[in-house]
Amino acid sequence: MCRPQIILDKIEQKIIDSVIQSVMCHIRYVTCYKGNLEKLDAEKKNLEDQWQKVNDEVDIYKTLGEDIKANVSNWLTEANKMIKEVEEFVNHITDPESTKCFKFVNHKIDWGAWTRRGR
């Protein structure tokens, strides 16, 4: 015979498993989110460095009276545009007004302090 307590225990276990799975999914999302923002920032800095090097060389060749090839000028324009787009994106997603309903998903969370709380 099946006792009600056994049924309740099974239901409780399924609920707990579901909640744990959901929490783990959100923690992975936040971790990946933070990592992706860091990668984006590193790539933006790399692009800025490359842009500066090319732009400095273009300036040198312009002072020498050399013509700059169209593809070099186009690359400078596109790279500069991409840098600005990344800055706008990062400013938008880090703006407190943009993230009101996602307070937990904030890349400035002190993860060390957050994980130590549970200990």
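Read-outs throughout are calculated quantities, based only on the coordinates presented, and are distinct from any laboratory measurement. It should be emphasised that the depicted structure is a prediction, and the values quoted were computed from it without experimental measurement. For neighbour counting, all protein chains shown are included, and Cβ atoms are generated from backbone atoms with ideal geometry for every residue, glycine included.
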Farthest towards the positive end of the dipole of the range 4-108, among L47, V58, I20 and with Cβ unit charges of +1 on Lys and Arg and -1 on Asp and Glu, lies the Cα of I20
Between Q50 and M24, Cβ-based FRET efficiency (R0 35 Å, step 0.05) works out to 0.35
Computed for the range 4-108: size of charge dipole around the Cα centre, +1 on C-beta of each Lys and Arg, -1 on C-beta of each Asp and Glu, debye to nearest 20, value 560
So, over other residues within a Cβ distance under 12 Å of K10, counting Lys, Arg +1 and Asp, Glu -1, the net charge is -1
Stokes-Einstein D for the range 4-108 (37 °C, 0.692 mPa s, Kirkwood Rh from Cα pairs), in µm²/s, comes to 182
